[in-house]
Each structure stands twice: as structure tokens, then as C-alpha cells.
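Comments concern the structure below.
The values are calculated or read from the model by the stated rules, or taken from the named source; none is laboratory data. This structure is a prediction, so every number in the text was calculated from the model and none was measured. A quick note on method: Cβ atoms are made from the backbone with ideal geometry, for glycine too, and the neighbour counts reach across all protein chains shown.
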């Protein structure tokens, strides 16, 4: 079974530039998450989708971050304009969506460096 | 405030030296507690799910236990390949709360 795919793995940009990350979840997984992980910290939820609807985006900085999941499959996370503090690993995760099972399957992550 | 706290932040062990990692939580309405392993440059990898106090799960040298307010990850006779960051996450209704992790280093 193919895992969660993310690209690019690494991205270096100047502040105020824009960047986009792509995620393709495990086939059949209804729930998709984007997490931000700053070095030495645990993952912080940015946005959660159930199929193509947003379940939770309360911690998404909406003035600069946006995300979409068209057709309920793959997803794109965009940052525009980037700030220095956005330097982090952006993890995409998916799950079946059944509350009892719940475990998340993570991709390898996209490491962003903002200079 | 819903919170997950892991201790210690870092742990250095000699190969074969058993120890435990702690995950305490103040999240209400727990529906599951998850342990993940994260290697440098990789995404977290699922290890265990615990659903109720008293439950235990084992996998090779790892054993996870759960009480009403904390979970322990016991590592028996660790090997260098067990070196990683171990993350704890609490699932509440429709949301995961992650701790900051314990970075384990096992020296040969």
C-alpha cells in the first residue's frame, strides 16, 4: 500500500515570497491533516479536512496560509507571503476517518526554510 | 487548557539499560492515546493506540501503558536502533493534541 506522498521535500525561499506544498493521502482515507512542526516541538494542527470539507482551521493563519482539497483527494497548502517564523516542516497526514481507529499516517514532510 | 506534556525532553541510555518515557495529559474526553516514533528527517510512524485506563500494548522492546491521566512507554534492553524521538498524542472527539516528544539516544 502506498503511503502519504508529499512534495517538495525541501524548499528555500526569501521572506515575502510564496510557496506551495502538495499532499496525496493514502487511497480511501477520508480525513487529511496539515501540521506544522517547528524544530524540537510536536506537530501543530493547521487544518483538517473531511473529504473536501474543512473540519478545523482554527489555528491556520488565514492572512497568509491557505489550503484546499479539491475532489476530496489530494491537497495543497500555500503560504503567501512567507515570514521567517514559517520555517518549519510541514507534515501531511491522513486517516480513515473512523473515530475509534484514529491513527494518523504521516508523509515524510516538506521542510521550508525562509531566509 | 487541553495539554499534553512529555518528559523527559531528552534521554540518553546505554544499550541494554531499560527506562520509561512519560506522557501526561489534561485533555478531557480522551478517546485514544497514541504513541509515534519519529526519526530525523522523517514523518512520525505509528506505534500504539491505547483507549482505556489499564490497557497495555507491546511491540518488540516497547510496552505502552495507560492510566487515567498519563501513559508510559517502557523500553526494555534498548538497542542503538531505538534512538529516535517518541511522540505522544491524545485524541479527543475530532482533534489530536501532540506533546513535544522525548528524544531518546541509545549508546552502544
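Brief remarks follow.
- Selection count where residues are buried (at least 21 other Cβ atoms within 10 Å of the Cβ) and at pLDDT below 95, scope region A:70-93: 0
- Pairs where the first residue, in region B:1-27, is within 18 Å of residue B:37 (Cβ to Cβ) and within 12 Å of chain A (Cβ to nearest Cβ) and the second is at pLDDT below 95 and exposed (fewer than 13 other Cβ atoms within 10 Å of the Cβ), C-beta under 9 Å, 6+ apart: B:4/B:26; B:9/A:40
- Of the listed requirements (1) surrounded by fewer than 18 Cβ atoms within 10 Å (Cβ to Cβ); (2) modelled with pLDDT of 95 or more, residue B:2 misses just one: (2).
- Check on residue B:65, within 14 Å of chain A (Cβ to nearest Cβ) and not in a loop (DSSP other than H, G, I, E, B): no
- Selection status of residue A:71, in a helix (DSSP H, G or I) and more than 9 Å from chain B (Cβ to nearest Cβ): yes
- Which listed residue is within 14 Å of chain A (Cβ to nearest Cβ), closer than 24 Å to residue A:49 by Cα and surrounded by fewer than 15 Cβ atoms within 10 Å (Cβ to Cβ), from B:48, B:34, B:93: B:93
- Matching residues, region A:28-68, being closer than 30 Å to residue B:11 by Cα, at the interface with chain B (Cβ under 10 Å from one of its Cβ atoms) and part of a strand (DSSP E or B): A:33, A:35, A:37, A:44, A:45
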